[in-house]
2 protein chains.
Amino acid sequence: MNACILAVGSEMLTPFRVDTNSLIITERLNQLGYDVRLKAVAADHVDELARLLEGALTWAEVIIVTGGLGPTEDDITREAVARVLHLPLDIDETIVDRIRERFVRRGLTMPEINRRQGMVPRGATVLANPNGTAPGLWLEHGRTAIVLLPGPPREMTPMLDAVVRDRLAPRAGGGGLFRRVLKITGRTESDVDAAAAPVYSKWSEAAPPISTTILAALGQIELHLTVKAANAAEADAALDVAQRELEAVLGIAIYSSDGRPLEAVVGHLLRDRSMTIAVAESCSGGLLASRLTDVPGSSEYVERGVVCYSNRSKTELAGVPAALIAEHGAVSEPVAEAMAIGIRDRAGANVGVGITGIAGPGGGTPDKPVGTVAIAVAVGEAVRVRTFQFLGPRDMVKFQSAQAAMNMLRLLLLKQDAPFWPAKAS
Amino acid sequence: MNACILAVGSEMLTPFRVDTNSLIITERLNQLGYDVRLKAVAADHVDELARLLEGALTWAEVIIVTGGLGPTEDDITREAVARVLHLPLDIDETIVDRIRERFVRRGLTMPEINRRQGMVPRGATVLANPNGTAPGLWLEHGRTAIVLLPGPPREMTPMLDAVVRDRLAPRAGGGGLFRRVLKITGRTESDVDAAAAPVYSKWSEAAPPISTTILAALGQIELHLTVKAANAAEADAALDVAQRELEAVLGIAIYSSDGRPLEAVVGHLLRDRSMTIAVAESCSGGLLASRLTDVPGSSEYVERGVVCYSNRSKTELAGVPAALIAEHGAVSEPVAEAMAIGIRDRAGANVGVGITGIAGPGGGTPDKPVGTVAIAVAVGEAVRVRTFQFLGPRDMVKFQSAQAAMNMLRLLLLKQDAPFWPAKAS
């Protein structure tokens with residue numbers, strides 16, 4: 001079965017933006033057994049989108065169009081689809097009422113222009129958008145299903161999932177590609193590949209065959225395992241075996257196999273232990289606290305955080321003795337340790353974290369160049385402290401600092417002897 | 001002049017890869033004055049690529065195809081082009097000899113299959129590839145130039161630059177597209193469009209014509225102005241006039257016209273005034289501090305931040321009287337104000353910000369549903385406090401809280417009476 005993904009929006013035809021919706025859509029379609037044979041980004045012109053739709057109708061069993069459903073004249077998806085399918089556009093007052101209510105809930109009046117979002121090619125099914133004003137639309141034309149979804153990913157993704165579950169999966173008739181993502185931190189890409197390749201290279205000959213892709217991102221490596229199976233149970237059985245084989249060589253470096261980010265993994269470890277955490281951050285500037293508090297329910301275990309850029313605030317907020325800073329410098333392991341213990345004890349929390357470093361671009365010295373970061377974690381009597389040398393610009397140093405601190409805490413909580421991040425290549 | 005960019009390769013139709021060649025190509029084409037109206041990624045099938053080429057030939061002055069020039073059966077670009085242009089494919093023995101020599105230099109024998117890379121649609125001009133075996137090809141068909149380039153970026157980019165310099169620039173006749181991005185916060189998309197459309201809709205008829213795209217992101221609207229001009233000075237002159245016209249209707253809601261994010265704009269306002277800032281965050285969980293400290297040099301003005309999730313930490317870190325919390329609740333304007341003033345005075349800073357709210361998904365009540373956020377900013381005697389109702393999941397509430405707080409501070413520093421964010425629709 002063949003699929004086509006079309007994104008509408010001139011902004012994705014600039015040198016500054018790529019269409020990322022299509023990656024999520026491809027993943028979902030692959031799971032249903034659809035093969036994506038074409039994806040395209042079209043400008044906000046009815047003609048081009050109409051031409052693409054006409055072409056895809058000759059060969060695709062499903063066409064997913066994202067974007068171009070907003071209220072302005074630029075939003076041409078509805079017109080293009082109606083033209084190609086020779087359908088009139090009607091105004092659906094139920095949609096208009098729903099959009100009006102959404103404005104009212106925010107204390108606003110719906111501008112008249114938003115009525116455009118109520119236009120529906122006759123016979124289309126309206127797909128609810130819980131996160132925005134633009135409804136989606138579902139149409140069928142011959143053997144082809146046409147799905148129109150809004151462009152913003154937070155609106156598109158839940159609507160896509162609903163359409164996949166309720167409409168596309170029943171048509172697909174079961175079977176497809178299933179994926180599992182193992183997330184790893186504390187190892188380099190070549191290090192992970194050296195350990196994992198002897199394991200996964202055998203799988204392409206296995207039944208069912210599993211294909212493996214390594215994807216390196218900042219402070220993190222992902223192993224994507226993909227298996228073609230008749231159903232989720234068959235896929236899970238094969239992927240479980242594969243995962244165990246990788247765990248045998250990568251061990252505790254794998255922090256997640258269910259999609260959870262590191263902050264959620266650490267949060268669950270804290271909650272499971274009924275522990276609270278307090279963090280004192282200098283160079284990471286609040287990013288660790290912000291990532292920890294991205295997790296729903298984190299107010300249960302995040303007691304407090306302080307961002308102490310100035311030496312004075314390190315002393316006032318985390319109780320770091322001024323003499324210690326004078327002796328070792330603000331970026332030093334003793335200061336990181338004093339921050340971790342100081343913030344923990346002031347907060348009456350179980351766990352303390354201290355991060356102090358040089359995020360750049362200024363502030364580096366020959367001794368302590370930009371990217372030098374000292375991190376300490378303190379849990380009860382156990383204290384771990386380590387100095388890292390991170391590469392990259394300011395935002396990357398901040399991210400890696402938060403990532404390393406969470407991984408140090410994860411490993412300490414798991415009371416394991418695994419090497420801290422990044423490990424020396426073995 | 002219109003351009004189309006086509007990438008060939010099934011690997012770019014997986015969930016893991018995006019085509020990034022097209023961003024570089026778009027940049028080069030824009031500089032020559034070409035408007036990219038369509039880009040697409042096609043699987044390794046002759047039919048689909050042929051269909052895309054046929055469509056683009058009807059409207060594009062230049063079509064750039066990347067990939068599909070390798071030696072295997074999967075590499076179908078040459079066949080597709082020859083079919084669409086009704087040209088026979090000849091073997092160019094000069095190309096084959098060059099490829100054979102390349103193998104010999106590496107001590108290898110050229111596999112017979114590589115002869116395929118010597119296939120040339122009759123009449124095409126061969127473009128040298130200094131970094132690989134696949135030569136590029138240049139064809140003209142009516143008014144359309146068709147450029148075939150290899151897929152690997154390190155082979156594609158130098159060949160693109162040579163083709164731009166030697167062949168496309170002379171055809172383009174000088175001039176190009178120039179862009180300016182106006183960033184706006186505190187207004188909804190429809191509100192901005194209602195104010196701006198009467199202004200920008202006239203520009204398509206102006207000399208030089210300016211096209212305008214509205215892009216809505218979370219807590220932010222962007223107006224992208226694009227003008228075709230002979231050179232940067234001419235473009236700037238036109239864009240300056242356009243910007244002034246938009247400023248007349250949008251005023252202070254425009255916070256940036258030079259690419260700077262809101263945190264940099266606020267940071268520069270603080271630095272210009274030699275002011276320091278201290279922030280106390282509850283529901284935003286450190287995101288405001290983290291965004292403020294994303295700006296290089298922010299250590300000059302960010303004195304400290306505290307993340308005070310618990311009531312106890314609000315009292316201990318920001319000096320909020322426990323009685324005030326008991327009387328009004330932790331999520332209330334009096335507590336936000338006490339946080340702003342408390343953290344400012346404890347830090348000895350000039351500016352204080354307090355944010356307290358319900359990020360969700362739990363914690364909402366009928367009175368104070370998820371998304372209720374009270375924000376206060378205090379600068380000297382001036383204090384502004386406001387309660388917002390943000391939509392969306394936890395991370396979006398956090399982002400909008402930080403965005404609104406920075407905008408309140410920006411407006412207060414600019415001593416303007418503009419409405420705070422989000423404004424009532426006018």
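At a glance:
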| quantity | calculated |
| --- | --- |
| Derived scalar couplings ³J(HN,Hα) [the stretch A:9-24; Karplus, 6.51 cos²θ - 1.76 cosθ + 1.60; whole Hz; x for Gly, Pro] | x, 4, 5, 8, 10, 8, x, 9, 10, 10, 7, 9, 3, 5, 5, 5 |
| Chain lengthening between B:L108 and B:A206 when straightened (0.36 nm per residue, less Cα-Cα) | 29.2 nm |
| Label-point separation, B:L218 to B:T387 (7 Å along Cα→Cβ), nm | 2.4 |
| For the stretch B:278-286, Karplus couplings with θ = phi - 60° (6.51, -1.76, 1.60), whole Hz, Gly/Pro x | 9, 10, 10, 10, 9, 5, 7, x, x |
| Shielding of B:185-191 by partner chains, average beta-carbon count, 10 Å | 4 |
| Shape metrics for the stretch A:176-256, restricted to C-alpha atoms - Rg then Dmax, Å | 12.1, 35 |
| Residues of type lysines that A:K183 reaches as a straight line, Cα spacing below 25 Å, ignoring anything fewer than 8 places off in the same chain | A:K202, A:K228, A:K398, A:K415, A:K424 |
| Residue mean of other protein chain beta carbons inside 10 Å, A:312-318 | 4 |
| For the stretch B:191-255 and the stretch A:71-96, distance of Cα centres in Å | 27 |
| Residue mean of other protein chain beta carbons inside 10 Å, B:193-199 | 2 |
| Whole-percent pair-distance distribution, where bins are 10 Å wide, for the alpha carbons of the protein assembly as shown | 2, 11, 19, 23, 22, 15, 6, 1, 0 |
| Relative contact order of the stretch B:176-256, defined on C-alpha pairs under 8 angstrom at six or more residues apart (%) | 44 |
| Three-way shape call for the stretch A:98-194 based on the alpha-carbon gyration tensor, with the a/c threshold at 1.5 | oblate |
| Mean-position separation - Cα centroids, the stretch B:37-52 and the stretch A:385-418, in angstrom | 44 |
| Estimated FRET transfer efficiency (A:T20, B:V241; beta-carbon r; R0 35 Å; 0.05) | 0.50 |
| C-alpha long axis of helix A:262-272 to longest principal axis of chain A, angle in ° | 70 |
| Debye log10 I(q)/I(0) for the stretch A:49-161, one point scatterer per Cα, at q = 0.10 Å⁻¹ | -0.28 |
| With Cα atoms, 0 to 90° folded angle of helix B:93-105 axis to chain B main axis | 60 |
| Measure of compaction for the stretch B:1-64 (Cα Rg per 2.2 N^0.38 Å) | 1.12 |
| When the convex hull of its Cα atoms is projected in every direction, mean area for the stretch A:262-413 (nm²) | 7.9 |
| For peptides A:388-396, A:63-71, B:396-404, sequence by mean Cβ density within 10 Å, most packed first | A:63-71, B:396-404, A:388-396 |
| Charge sum, other residues only, whose C-beta stays under 10 Å from A:V126's C-beta, Lys/Arg counted +1 and Asp/Glu -1 | 0 |
| For chain A: rounded, prolate or oblate by the Cα gyration tensor [a/c cutoff 1.5] | prolate |
| Segment A:R260-A:R154, extension gain: residue separation times 0.36 nm, minus the distance between their alpha carbons | 36.4 nm |
| Those lysines that a straight Cα-Cα span of less than 16 Å connects to A:K39, excepting residues fewer than 8 apart in one chain | B:K39 |
| log10 of Debye I(q)/I(0), alpha-carbon scatterers only, for the stretch B:1-107 at 0.18, 0.24 Å⁻¹ | -0.97, -1.25 |
| Per-residue [θ]222 nm for chain B (sum of -39500 (n - 2.57) over DSSP H runs n ≥ 4, rounded to 500) | -11500 deg cm²/dmol |
| Under-5 Å amide H pairs with A:V320, H placed in peptide plane, nonlocal only | A:T315 |
| B:T365/A:E93 FRET efficiency (R0 35 Å; Cβ-Cβ; nearest 0.05) | 0.55 |
| Crossing angle, helix B:232-250 versus chain B [Cα axis fit, 0-90 degrees, rounded to tens] | 40 |
| Residue among B:G219, B:A207, B:N114 farthest towards the positive dipole end of the stretch B:114-220, charges placed on Cβ | B:N114 |
| Only Lys, Arg (+1) and Asp, Glu (-1) charged, at Cβ; the protein assembly as shown dipole about Cα centre in debye | 980 |
| ³J(HN,Hα) computed for each position of the stretch B:25-38 - Karplus, 6.51 cos²θ - 1.76 cosθ + 1.60, integer Hz, glycine/proline x | 5, 4, 4, 5, 5, 4, 4, 8, x, 7, 9, 7, 9, 7 |
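Throughout, read-outs are computed from the coordinates displayed, never taken from laboratory work. Bear in mind the structure is a predicted one, so any value in this text is a computation, not a measurement. For neighbour counting, all protein chains shown are included, and Cβ atoms are generated from backbone atoms with ideal geometry for every residue, glycine included.
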